[in-house]
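Only one structure is covered here, and it is reproduced in the block below.
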Amino acid sequence: MSVLSSAPFSLEEIANEGLKPEEYEEIVRRLGRHPNKAELGMFGVMWSEHCCYKNSRPLLKQFPTTGSRILVGPGENAGVVDLGNGLQLAFKIESHNHPSAVEPFQGAATGVGGILRDIFTMGARPIALLNSLRFGSLEDAKTRRLFTGVVAGISHYGNCVGVPTVGGEVYFDPAYSGNPLVNVMALGLMETEEIVKSGAAGLGNPVLYVGSTTGRDGMGGASFASAELSDESEKDRPAVQVGDPFLEKSLIEACLEAFKTGAVVAAQDMGAAGITCSTSEMAAKGGVGIELDLNEIPVRETGMVPYEYLLSESQERMLFVAEKGREQELIDIFHRWGLHAVVAGKVINEPIVRILFQGRIAAEIPATALAENTPIYHRELLSEPPEYARKAWEWTSDRLPLCNASGIEIQGSFYTWNEILLTLLDTPTIASKRWVYRQYDHQVQNNTVMLPGGADAAVVRLRSQEQSAPSNSAVAATVDCNPRYVYLNPYEGAKAVVAEAARNLSCVGAEPLAVTDNLNFGSPEKPIGYWQLAEACRGLADACREFQTPVTGGNVSLYNETLDSYGNPQPIYPTPVVGMVGLIPDLTKICTQGWKNAGDIIYLLGSSLKSQITLGGSEYLATIHNTVAGLPPQVDFDLERQVQAVCRQGVSQGRINSAHDCAEGGIAIALAEACLSSNLGANITLTLNTQLRWDELLFGEGGARVLVSVSPEQQTQWESYLQQHLPSNWQKVGLVESDTFLRISTSDQLLIEVTIELMRDRYCNAIPRRLDV
Amino acid sequence: MKFGIVVFPGSNCDRDVAYVTRLLQQPTRMVWHEDTDISDLDVVIIPGGFSYGDYLRCGAIARFSPVMQQVIKHAEQGKFVLGICNGFQVLTEAGLLPGALIRNRDLHFICDRVSLKVVRTDLPWTQNYTQGEILTLPIAHGEGQFYADEDTIKQIEDNGQVLFRYHGENPNGSVNNIAGICNVKGNVIGMMPHPERASDPVLGSTDGLGLFKGIGARAKSD
């Protein structure tokens, strides 16, 4: 207690920096003295979960991170994979959840800006953006404001900066009403000969500050992002940064040009914790020190004190270590693009971050204390699953009302399967996201091979912007997470996330290569929150190992909880979003989800057994029966790998005309989507499996299932291929029809017969209709 | 016989256009916004993007750039100028084309593929199309609603300055479904749709390629 009682700060001031009393004591131990205000602020942001992963690091360690194609794994600004033929892809995902909850437009916009900087800091030109968004119910006015604001923010920033937003996912669930999730993934193609790293090197080398000016905006955003949101969070609006995509576009061009001179030794973008984070990380990674003079920093307002300089999260700024003597060459490039560039410091021998201000030392801290040797919390895992999970697992489909071939009676009303299908298509989570992606420029750069909404993953041609001769290869990317599964069973749910991502890539014909993950969870300080986090990490690790898709980095966003006015925390569903990239060696061999020709034969790959298909955690159960319970589908790795391999082979051999995986809403929704995508009908006969209920047959999820369509000429060869590689896990289910009906029957009973027009009305208007109030 | 593509800070379709002109093996160079000598060029293309951030108003700052003074002279000499999307906005701001582009009717940015009818085919630009031909071209804009006062619209129509009209659904509320126009002489054209995004078979459409082929052929024969 003596350390705290002699501290020049009150406990409240320490807490305001996001630090716990014992962390303050640790700071004093490290420094051998009390910190000053600026230093306290620096520790506050750098020891936040957002910057140092103090809760999640022990869990992240279990992820597989190496592989033959992995050039850069976790720890740098982004991961880099080798695509062959001299092409290298940088990619990463990042969250901007808390800022978006308070100021959706700027919060989402700067989320885009931040992840793009991670990419071009490495020397890669950003070529694509994807986003994974989660909101509460659209029936709620506040959610509508958040949703439209976030979409407008992404549109504003991404469109202006000239990087196509090619894909993503949007979920709506009351679990996110107070705390939306905005995760943005960016892909970039390496444009420099060497991957630009962030470790400072070369004693005496100048440290350049480039880009925009520093102001008081975004003060302490990292600490803000690492605390629960509350009714009071609106007051934190200054912690939300304001982005300028025009400056970022110029910064991309200037940085790539600068890197190509070979005069840049290391680079780091200023994201969370701004100058503090960039100086300490560059110094710590390089095993050297950095001395920086704040008087050299271009500012946008006067009278700032070191604390404000150091914690500012003004956007569009970068820190470079340059080769001594070549700084002017770099400065000229930035000036040509109308950007600031100044020598603000130098690399020093002593491994410290020394901040000068008005001729005096304003802060002096060992670099590793800020950036590498940071606190770490090993928390205890619950010895058995928490009660909510055990209770949920007791649910079985026996609890549902009885149903028959025509429909189901729910609380006194009878619903036909047609009505149920249309209701599910009208669910915003399932419905068309055209309202969203139509606002994103998804074609700029002239490489978008698959337009949004048309396939299970985005496909972008790989082409150096500098040359006319394009390569024949493409990259596929997807972001996925079914959070209901993860909530019900974090381990199985997380495995399913990875499996679905890999399946989506396989459906377009891409070989899955690597993963970037965004762990959006509640508070790890609560036993249930930590259990969810730990179990989900174990699931991700196992699945990434099974699919040979190493994790190259990502982002952790904890404390995603909303405190209501009574102070009760309302955690979100645990949401480990997986961004996965895959390689398409020949971009003429790809596949969309819609049918191609009437008369094509439709096959269902995967398992339709009772043991694999379930309504537990399904969209049907949640939407139609208002129940979130049961055991989610369990991933059968062998089956998944076999189905996905068959699908990829089918695409690359040109045998498959369409491929679409069965996800939320089961086979009925997958069939409807394939019809909607193509405007062709389908006549389907499902084999009656006496063990399955009718609703399980139509809307059950799981089973690693993929729907593919094949020309009749291919039938014999294709079926013998299937028989060889998926002996008991495929069935012929029907034909693509030129009329505009989706018909689903068993051998003797018609279950669903509905026109594409009617389906389209629900599917396309679900989101606009709810916004138009 | 040479294409020049203007690069303002904030331009983001400059490389996309260059990719297409180079695919067609047309000599092409990028023209920096501060350049003051473009006398070597036959065709100037002002690409899409957000020139100078589109602050104040789309294209409003770009018109004052050094290169635009040269582009105006280039146009006055009867040489060719094409403005695509933001480039169209810049040309109207610079007074090389009539009218203005204002916010889309629904106030949202729209990225989509739309149907266009080719109205005139007697210009080098559109010589590879047939009268009334329906093209599908991508659009991507927040301020693409073509607007002019009644008198100006009447003049545009009377002079036959409309090159392309939206066919079927009018995506942004443009007056008379106008998607692209030319000046009276026909050497300067502006359009909101992106022909360069529909010029590569790998990406699924080549409906825009005719425009570049048309002007390329003309520039060569000059």
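The values are calculated or read from the model by the stated rules, or taken from the named source; none is laboratory data. All values reported here derive from a predicted model rather than from experimental measurement. When we count neighbours, we look across all protein chains shown, and the Cβ atoms used for this are built from the backbone with ideal geometry, even at glycine. We work out accessible area using only protein heavy atoms, side chains counted, and drop any ligands, DNA or RNA first. Shrake-Rupley method; radii C 1.70, N 1.55, O 1.52, S 1.80 Å.
Descriptive notes on the structure:
- FRET efficiency estimate (nearest 0.05) - Cβ-Cβ, A:Arg33 to A:Glu757, R0 56 angstrom: 0.15
- Estimated from the Cβ-Cβ distance and a Förster radius of 45 angstrom, the FRET efficiency linking A:His378 and A:Ser747 is about 0.20.
- Cβ charges +1 (Lys, Arg) and -1 (Asp, Glu), total dipole of the stretch B:3-221, debye: 360 debye
- Looking at the stretch B:1-95, the GluC sites (Glu not before Pro) that sit in a DSSP loop and have at most 13 other Cβ atoms within 10 Å of their own Cβ are B:Glu34.
- Net +/- balance of residues flanking A:Glu696 in space, Cβ distance below 12 Å, scoring K and R +1, D and E -1: -1
- Placed amide H near B:Ile5: partners under 5 Å, 5+ positions off or other chain: B:Arg29, B:Met30, B:Val31, B:Ile45
- Most tightly packed first, judged by the mean number of other beta-carbon atoms within 10 Å of their residues, the peptides A:168-174, B:35-41 read A:168-174, B:35-41.
- For the stretch B:92-222, the relative contact order is 28 percent, taking Cα pairs closer than 8 Å that sit 6 or more residues apart in sequence and dividing their mean separation by the residue count.
- The Cα center of the stretch A:85-150 and the Cα center of the stretch A:608-623 differ in position by 31 Å.
- Apportionment of accessible area to carbon and sulfur, the stretch B:3-221, percent (1.4 Å): 49 percent
- Compared with the dominant Cα axis of chain A, that is its longest principal axis, helix A:527-546 is turned about 70°.
- Peptide A:252-258 shows a mean partner chain C-beta count of 1 within 10 Å per residue C-beta.
- Largest accessible area first, the residues A:Leu609, A:Leu631, A:Leu187 order themselves as A:Leu609, A:Leu631, A:Leu187 under a 1.4 Å probe with ligands, DNA and RNA left out.
- Nearest-ten-degree value, helix A:666-678 long axis tilted from longest Cα axis of chain A: 80 degrees
- Here the spin labels are modelled as points 7 Å beyond Cα on the Cα-Cβ line, and at A:Phe637 and A:Lys732 they lie 3.5 nm apart.
- Short-range pairs are left out: with C-alpha atoms under 8 Å and at least six residues apart, the relative contact order of chain B is 20 percent.
- Surface accessible to a 1.4 Å probe, B:Lys73 within the full protein complex, Å²: 110 Å²
- Protein accessible surface hidden between B and A, which excludes ligands and nucleic acids, total in Å², probe 1.4 Å: 2900 Å²
- Area accessible to solvent at A:Leu771, 1.4 Å probe radius, in Å²: 40 Å²
- Probe 1.4 Å, protein heavy atoms only - accessible area per residue of the protein assembly as shown in square angstrom: 34 Å²
- Three-way shape call for the stretch B:66-146 based on the alpha-carbon gyration tensor, with the a/c threshold at 1.5: oblate
- A:His340, A:His625, B:His141, reordered so the largest accessible area comes first (probe 1.4 Å): A:His340, A:His625, B:His141
- Which of A:Trp395, A:Trp718, A:Trp730 is most accessible, then next, and so on - probe 1.4 Å: A:Trp730, A:Trp395, A:Trp718
- Look at the dipole of the stretch B:109-176 built from charges on Cβ: of B:Thr152, B:Ile110, B:Ile134, the Cα furthest out on the positive end belongs to B:Ile134.
- Of all accessible heavy-atom area on the stretch A:523-650, the percent that carbon and sulfur account for (1.4 Å): 50 percent
- The Cα center of the stretch A:484-510 and the Cα center of the stretch A:731-752 differ in position by 28 Å.
- Shielding of peptide B:110-118 by partners, expressed as the average count of other chain Cβ atoms within 10 Å per residue Cβ, is 3.
- Net +/- balance of residues flanking A:Val72 in space, Cβ distance below 13 Å, scoring K and R +1, D and E -1: 0
- Dipole magnitude (debye, nearest 20) for the stretch B:1-59, charges at Cβ of Lys, Arg, Asp, Glu: 180 debye
- Local electrostatic count at A:Leu40 - Lys and Arg +1, Asp and Glu -1, tallied over other residues with Cβ under 11 Å: -3
- Computed helical MRE - 222 nm, chain A, DSSP H runs ≥ 4 contributing -39500 (n - 2.57), nearest 500: -10500 deg cm²/dmol
- Annotation: lysines with alpha-carbon distance below 20 angstrom to B:Lys2 (same-chain offsets under eight excluded): B:Lys73, B:Lys79, B:Lys213, B:Lys220.
- The mean number of Cβ atoms from other chains found within 10 Å of a Cβ in peptide B:200-208 is 3, as a whole number.
- In the context of the full protein assembly, A:Tyr440 retains an accessible surface of approximately 10 Å², using a probe radius of 1.4 Å and ignoring ligands and nucleic acids.
- Between the residues B:Trp32, B:Leu123, B:Gly180, the greatest Cα displacement towards the positive end of the dipole of the stretch B:3-221, with unit charges on the Cβ of Lys, Arg, Asp and Glu, is found for B:Leu123.
- Low-density loop cleavage sites - GluC sites (Glu not before Pro) in the stretch B:134-200, where at most 11 other Cβ are within 10 Å (DSSP): B:Glu169
- Highest to lowest packing among A:247-260, A:549-562, scored as the average C-beta count within 10 Å: A:549-562, A:247-260
- For the stretch B:3-221: rounded, prolate or oblate by the Cα gyration tensor [a/c cutoff 1.5]: rounded
- Put a plus charge on the Cβ of each Lys and Arg, a minus charge on the Cβ of each Asp and Glu, and nothing anywhere else: the dipole of chain A about its Cα centre is then about 820 debye.
- Against chain A, whose longest principal axis is taken from its Cα atoms, helix A:327-336 shows a tilt of about 60°.
- Backbone phi angles across the stretch A:184-201, fed through the Karplus curve with coefficients 6.51, -1.76 and 1.60 (θ = phi - 60°), yield HN-Hα couplings of 10, 10, 10, 10, x, 9, 4, 10, 9, 5, 10, 5, 7, 9, 10, x, 5, 7 Hz in residue order; Gly and Pro are listed as x.
- Residues B:Asp112 and B:Val202, FRET efficiency given R0 of 22 Å [Cβ-Cβ distance, rounded to 0.05]: 0.65
- Of all aspartates and glutamates in the structure, those lying under 17 Å Cα to Cα from A:Lys589, and not within fewer than 8 positions of it along the same chain, are A:Asp456, A:Glu511, B:Asp200.
- At least 30 Å² of accessible area lost relative to the chain alone, listed for the stretch A:126-174 with a 1.4 Å probe: A:Asn159, A:Cys160
- For the peptides A:283-295, A:739-751, the ranking by mean Cβ contacts within 10 Å, running from highest to lowest, is A:283-295, A:739-751.
- The protein assembly as shown shape via C-alpha gyration tensor axes, a/c threshold 1.5: oblate
- For the stretch A:423-445, heavy-atom accessible area (probe 1.4 Å) falls by no less than 30 Å² from the chain alone to the full protein assembly at A:Arg438, A:Gln439, A:Asp441, A:His442, A:Gln443, A:Val444.
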